[in-house]
Amino acid sequence: MTGTPLAEVLEGQHAAELRKAARALLKQPLLLAHGRYADEFRLVRRHASELREWFDRNAGWSLRTDAGTARLLKIPGVLTDPTHPAREATRAAAPFTRRRYVLLCLALAALERGEAQIALGRLADQVVIDAADPQLAQAGIRFTLDRREERLDLAAVVRLLLSLGVLRRVAGDEEAYVSGAGDVLYDVERRVLAGLLATRRGPSTLHAETLADRLTDLVAETALDSDELRFRAMRHSLTRRLLDDPVLYYDELSDAELGYLSRQRGFLTARITELTGLIAEVRAEGIAMVDPDDDLTDVRMPEQGTHGHVTLLLAEHLAAADGPVGADQLALRVRQLAAEHGGFWAKSAREPGMEGDLVEQAVARLAALGLVSRTAGGVAPRPALARYAVGETVVREPGTARMPAQRKASQP
């Protein structure tokens with residue numbers, strides 16, 4: 001018997017390592033040489049040249065690596081998508097508020113100017129000074145950090161920076177600072193800090209008035225003054241959305257993008273499948289790159305617990321709707337569901353007035369998964385939600401042929 005040729009074995013090993021490294025970057029665009037993703041970091045370093053070339057050519061994303069960090073500078077396909085906010089680095093994973101985003105920016109600015117070590121109290125003092133800028137005050141931004149609520153917000157920002165590797169805790173803990181009983185000392189990882197911002201221009205160089213224009217200017221490429229550059233920009237945008245978004249719907253594309261995708265769909269999806277192992281699920285309304293390993297996502301449809309149950313039941317309800325459903329109607333539906341299923345829910349979820357919170361959490365998750373959209377008329381189901389529709393029960397006699405299941409709408 002002859003075994004598998006060595007060259008074929010090595011080629012397969014190389015492809016497997018490259019795929020694992022690419023998936024690690026897509027899941028965690030900032031990898032450190034130490035800690036939880038140290039093994040993945042080493043793979044990325046080993047295959048940095050191929051990965052850099054692929055991401056630059058297909059998505060227009062830059063990959064920067066050094067001895068301590070690997071940073072994939074991911075630019076979103078949709079700049080104004082609000083469904084994937086920064087979240088607390090805690091089990092609750094609450095989304096950041098506007099105030100926490102502002103504190104994050106002020107903290108990063110202070111760290112950039114600071115020393116290799118900093119105390120949380122010192123960081124807070126610097127944030128208060130910077131927040132006194134007249135332009136910030138004019139925008140209604142004001143921090144004193146005297147109130148416990150504001151200190152909790154700053155602690156949440158610091159914990160996010162700890163999870164990213166920008167800071168390393170040396171002594172103390174954030175709870176002591178929040179309660180006013182102590183301070184915390186951190187090392188500042190300047191290489192990680194320097195690579196955190198994924199933009200092509202510095203924010204201080206922008207002069208656009210609206211948020212949408214500022215976001216566009218932050219990541220704007222060179223002037224698209226030729227067909228080749230315009231086609232490249234469309235390839236980058238579509239690849240980003242196929243890699244990052246749960247579903248790419250055709251009705252969200254411009255005519256030019258849709259025409260390009262119609263011609264290049266096979267090429268684009270094949271390139272992604274080759275690198276990442278994601279499989280294209282093509283439907284009448286769009287494309288979803290499905291992960292057979294169910295690992296390459298930051299949001300999943302919950303299956304357990306009260307919020308998971310409510311989300312699945314509301315998904316079923318919305319899938320049966322003919323159009324947008326108002327928040328009041330969804331809250332009423334939750335009250336009805338509580339009467340039917342409340343025995344399996346947490347006690348707090350059954351209390352009067354909780355319907356709004358339950359609806360908001362469920363809708364936020366469904367929107368992040370591309371299953372619904374928020375409209376002026378309420379929450380509108382998207383085609384991919386059809387997979388959660390429940391059809392009519394069909395009772396068959398033993399031995400009769402099984403009829404094929406019918407869908408209420410084709411699935412993307």
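The requirement of being among the basic types (Lys, Arg), surrounded by fewer than 18 Cβ atoms within 10 Å (Cβ to Cβ), more than 22 Å from Pro82 (Cβ to Cβ) and at pLDDT 95 or above is fulfilled somewhere in region 257-267, by at least one residue. Close contacts from region 284-306, counting a first residue that is farther than 17 Å from Ala21 by Cα and surrounded by 18 or more Cβ atoms within 10 Å (Cβ to Cβ) and a second that is modelled with pLDDT of 90 or more and among the small types (Gly, Ala, Ser), with Cβ to Cβ under 7 Å and a gap of 6+ residues or different chains, come to Ile287/Ala280; Ala288/Ala384; Met289/Ala280. If you check Glu274 against the conditions, is it without any contact (Cβ under 8 Å) to a residue 24 or more places away in the chain, in contact with a helix residue (DSSP H, G or I) (Cβ under 9 Å, 6 or more places away or on another chain) and either over 29 Å from Glu11 (Cβ atoms) or surrounded by fewer than 20 Cβ atoms within 10 Å (Cβ to Cβ) (or both)? Criteria met by Glu274. Scanning region 66-91 for residues that are over 21 Å from Arg235 (Cβ atoms), within 16 Å of the chain's Cα centre (by Cα) and hydrophobic (A, V, I, L, M, F, W, C) yields Ala86, Ala89.
Identification of helices (runs of 4 or more DSSP H) wholly contained in region 113-219 with 1 or more residues that are over 22 Å from the mean Cα position of the chain (by Cα) and either modelled with pLDDT under 90 or among the hydroxyl-bearing types (Ser, Thr, Tyr) (or both) yields 134-138, 174-178.
Annotation note: Cβ proximity below 6 Å between a residue of region 117-131 that is under 10 Å from Val184 (Cβ atoms) and assigned by TED's automatic domain parsing to the domain that holds Glu189 and a residue that is part of a helix (DSSP H, G or I) and hydroxyl-bearing (Ser, Thr, Tyr) (sequence gap 6+ or interchain) occurs for Leu120/Tyr177.
For the structure I just gave you, tell me whether Ala362 is of a type in the set (A, V, I, L, M), in a helix (DSSP H, G or I) and within 30 Å of the chain's Cα centre (by Cα). Spelling it out, Ala362 is indeed of a type in the set (A, V, I, L, M), in a helix (DSSP H, G or I) and within 30 Å of the chain's Cα centre (by Cα).
Of all residues assigned to region 290-303, at least one qualifies as being modelled with pLDDT under 95, within 20 Å of the chain's Cα centre (by Cα) and on the phi > 0 side of the Ramachandran plot.
The values are calculated or read from the model by the stated rules, or taken from the named source; none is laboratory data. No experiment lies behind these values; they were computed from the predicted model shown. No Cβ is skipped: glycine too gets one built from the backbone with ideal geometry, and neighbour counts run over all protein chains shown.
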